[in-house]
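The block underneath contains the structure these notes are about, expressed in C-alpha cells.
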Amino acid sequence: MLGLPDDIRAFLFDLDGVLTRTAEVHAAAWKDTFDAFLRAEAARTGGQFVPFDAVTDYDAYVDGRPRLDGTRTFLRSRGVDLPEGTDADPPNARTVQGISLAKNDTVLRMIREQGVRPYEGSVAYVRRLQALGLPSAVVSSSANCHDVLRAAGIEELFDVIVDGVVAKREGLPGKPAPDTYLYAARTLGVEPAHAAVFEDALAGVASGRAGGFGAVVGVNRTGQAAELRRDGASVVVDDLAELLAAEEDA
C-alpha cells in the first residue's frame, strides 16, 4: 500500500519540510530572530556573540516544535532564562512571547516575499491517496498552516487539518508529544496502529513513535537519515516519490 504496510488506512503529514519547502524559510526566520537577540544580549552582558546555526541548532531545538517551545528550548540550550511575557508583548520584547512574535512576523514576511512551493513528490503522493479514497491529514504546530497550504495550492487535498490553532483550542501539547497526531487519527476515525506519520523533524518522528503509529516515515531533507531512524522513523526516504515507485514495483 503505497510503499507502506497493507494495514495502513490513514496518512498524517507534517507541513514544513514534508509537504512544502518552508522549513528553510522557518530556519532563516529563526536565525534572523535569534541572532538579533543574541547580539543584543552579548552587548548587554559583555559576553561573546555566538550566532544561531540554521542547521544544527534548528534541527536540535526548534524544528517541529510549537513556536513558543522552540524559543524556550533554544534559549535553555544557551543558558538564557527569560520571563514568559504575554501575546500582547511587542515583537522582540525580552520575553519568550516577544521573541516568538518577532519570529512569526519574520516568517510571514518571507512567505509573502518568496511565496510557497510544495514538494512535487509529496503532492503526487497525496493525490494518489485521494484517487484511492484514502483519508489524509496535515498535522502542524504552525498557526499559519492554512495560509501556507493555501499559498501552495494544496489545501483542498486534505480531509483534516490539525494546526497550532486547533492544538491551542483543544489543549494538545506539541511535538515531540504525540497528542496532535493522535487527535488527527481520532478525527479521521482510525486507530494509530493503522495510520502512518510523515515527518522530516526529529521531534516529529519521536511523536510518531510515542503515539504507537503503524508506520513513521522520516523524510530526509537535510542529511539526517540516521538521526531520523534513531528517534523513531520506521522508514526513511529522501522524497515521497520513492514510496510511489515502491508501489509501482510491488
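For region 183-214, a residue qualifies if it is among the basic types (Lys, Arg) and assigned to a loop (DSSP other than H, G, I, E, B), but none of them does. Just one of the numbered conditions (1) modelled with pLDDT of 95 or more; (2) part of a loop (DSSP other than H, G, I, E, B); (3) within 24 Å of ARG112 (Cα to Cα); (4) touching a Lys or Arg at 6+ places or on another chain (Cβ under 6 Å) is not true of THR33: (2). Is it true that some residue in region 190-212 is at pLDDT 95 or above, among the polar types (S, T, N, Q), open to solvent by less than 20 Å² (accessible area, probe 1.4 Å) and out of contact with any strand residue (DSSP E or B) (no Cβ under 7 Å at 6 or more places or on another chain)? The answer is yes; a qualifying residue exists. Looking at region 26-64, which of the residues that are of a type in the set (D, E, K, R) and open to solvent by less than 60 Å² (accessible area, probe 1.4 Å) is nearest to the chain's Cα centre (by Cα)? Only one residue fits best here, namely ASP63. Here the condition is being buried (at least 17 other Cβ atoms within 10 Å of the Cβ), of a type in the set (Gly, Ala, Ser) and on the phi < 0 side of the Ramachandran plot; of GLY17, GLY98, it holds for GLY98 alone.
The residues listed here are ASP163, ASP87; of these, the one that is charged (D, E, K, R), open to solvent by less than 40 Å² (accessible area, probe 1.4 Å) and out of contact with any strand residue (DSSP E or B) (no Cβ under 7 Å at 6 or more places or on another chain) is ASP163.
Looking across region 169-182, the residues that are part of a helix (DSSP H, G or I) and either more than 16 Å from the chain's Cα centre (by Cα) or under 14 Å from GLY212 (Cβ atoms) (or both) come down to ARG169, GLU170, ASP179, TYR181, LEU182.
The values are calculated or read from the model by the stated rules, or taken from the named source; none is laboratory data. Since we're looking at a predicted model, the values are computed, not measured. Don't worry about glycine lacking a Cβ; one is built from the backbone with ideal geometry, like all the others, and counts go over all protein chains shown. To get the accessible areas, we keep the full protein, side chains included, count just its heavy atoms, and leave off ligands, DNA and RNA. Shrake-Rupley method; radii C 1.70, N 1.55, O 1.52, S 1.80 Å.
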